[in-house]
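Q: Once you've had a glance at the structure underneath, I'll fire off some questions.
Bear in mind these aren't lab numbers, they're just calculated from the coordinates by the rules spelled out. Computed from a predicted structure; not experimentally measured. Cβ sites come from the backbone with ideal geometry, for glycine too, and all protein chains shown count toward neighbours.
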Amino acid sequence: MMITIDGPSGVGKGTIAKILAESLGFNYLDSGAMYRALALFADLHGITANGSDEKLKKLLIDLHIRFVDEDETQKVFVNTDDVTDDIRTSEISTLASQFAVNQIVRGVLKEMQRRIVKNKSYIAEGRDMGTYVFPDAKYKFYLDASPEIRANRRALQLKEILGVNINEQKVLKEINERDTLDMTRNICPLHPADDAVIINTSTLSIKEVVEKIQSIVKDDA
Ligand code: DC
């Protein structure tokens, strides 16, 4: 069975999808990590998002992305390299959304994503999971919150992880830039699927969002 969770940057999709996957006994597909891994791989090989499509195609033949569950975390590998931490920088966030507008990139990752989930129960999280990659998913959710609320949550989360004060205005600027790229691109722009349940998380805790989704899928999962 397939459950998709889409929504903009910083809305808490990852956290919520991981908790749900754990509680329902599903696998978890972090499609954003694949865009990030591809961006890192391309960057290391000197390939830019607006460069030659031929070079990009050649490069993508050599790109193999794997997820490996280890204790509580999911590691991301590009070929034999563990890139779990390297793909989380803000430079890679920006590069990933630049590559995400490319049709070749989206086509290659869509095939990889479909191959990964084949015949298994998955919660797939990203921007186009319910709209383009898994249009037949049994349950589709779209999480939303204002850019200001997402920036505030992201800043608090980064402060907790890194232990330093974060410039919230800078985070807000990055979120607005990524929203624009994600929502206005010609191919697979971010929007809720027609049959998605839209959840505005602005005033909800993570636990409340998880419970809301659980109450909807409970008869099947
Ligand atoms: O969710 P994330 O921040 O890790 O995603 C990184 C970038 O990848 C995001 O800016 C847009 C892109 N992305 C996408 O276009 N489609 C997806 N299904 C997932 C991510």
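Q: Kindly provide the pair-distance distribution of segment 131-221 built from C-alpha pairs, with 5 Å bins from 0 and whole-percent values in order of increasing distance.
A: 3, 12, 16, 18, 19, 15, 11, 4, 1
Q: While we're looking at this one, here's another question. Quick one: of the DSSP bridges fully inside the chain, what percent are antiparallel, nearest 5? Could you put the intermediate results ahead of the total?
A: Numbers: 8 of 25 bridges.
Within the chain, antiparallel bridges account for around 30 percent of the total.
Q: Evaluate the relative contact order of the chain (contact order divided by residue number), counting alpha-carbon pairs under 8 angstrom at least 6 apart; express in whole percent.
A: Values: 313 pairs, mean separation 73.5, N = 221.
Once normalised by length, the contact order is 33 percent.
Q: Taking only complete DSSP H runs, can you tell me which helices of the chain stretch 27 Å or more along their own long axis by Cα positions and average at least -0.5 on the Kyte-Doolittle scale?
A: None pass (Cα extent of 27 Å or more, hydropathy at least -0.5).
Q: List the GluC sites (Glu not before Pro) within segment 1-75 that fall in a DSSP loop (any state other than H, G, I, E or B) and whose Cβ has at most 15 other Cβ atoms within 10 Å.
A: Here the sparse-neighbourhood loop sites are 72.
Q: Using alpha carbon coordinates only, what is the Rg to Rh ratio of segment 61-190, with Rh defined as the Kirkwood radius? List each step's numbers first, then the result.
A: Values: Rg = 16.1 Å, Rh = 16.7 Å.
Rg/Rh for segment 61-190 comes to 0.96.
Q: Give me the dipole magnitude in Debye, nearest 20, for the chain about the Cα centre, with unit charges on the beta carbon: positive for Lys and Arg, negative for Asp and Glu.
A: Using only the charged Cβ atoms, the result is roughly 300 debye.
Q: Another question, then. For segment 89-211, what does the relative contact order come out to in percent, with C-alpha contacts under 8 Å and a separation of six or more?
A: Values: 102 pairs, mean separation 42.3, N = 123.
34 percent.
Q: Oh, and also: Evaluate the Debye formula for the chain with equal point scatterers sitting on the alpha carbons, no solvent, and hand back log10 of I(q)/I(0) at q = 0.11, 0.13, 0.17, 0.19 Å⁻¹, in q order, two decimals.
A: Computed log10 I(q)/I(0) values: -0.52, -0.75, -1.34, -1.67.
Q: Continuing with the same structure: Over 31 Å between C-alpha atoms is what I'm after, so list which of 55/118; 57/170; 138/170 land there.
A: Where the Cα-Cα span goes over 31 Å, the pairs concerned are 57/170; 138/170.
Q: Going by C-beta contacts inside 10 Å, put 28, 35, 132, 122 in order with the fewest on the left.
A: On the way: 28 19, 35 25, 132 16, 122 22.
With the fewest neighbours first, 28, 35, 132, 122 line up as 132, 28, 122, 35.
Q: Which of the peptides 39-51, 80-92 is most tightly packed, and how do the rest follow, going by the mean number of other Cβ atoms within 10 Å of each residue?
A: Sorting 39-51, 80-92 by mean packing, highest first, produces 39-51, 80-92.
Q: Pairs to check: 58/110; 18/207; 75/140. Give those whose C-alpha atoms are more than 19 Å from each other in this structure.
A: 75/140
Q: Which of 90, 17, 139 sits closest to the plus end of the dipole of segment 14-140, meaning its Cα is farthest towards the positive end, when Lys and Arg get +1 and Asp and Glu get -1 on the C-beta?
A: Comparing the listed Cα positions along the dipole, 139 ranks first.
Q: Could you please rank 134, 67, placing first whichever residue has the fewest other Cβ atoms within 10 Å of its Cβ? Don't jump to the answer; show the numbers that get you there.
A: Working: 134 24, 67 18.
Least crowded to most crowded, the residues run 67, 134.
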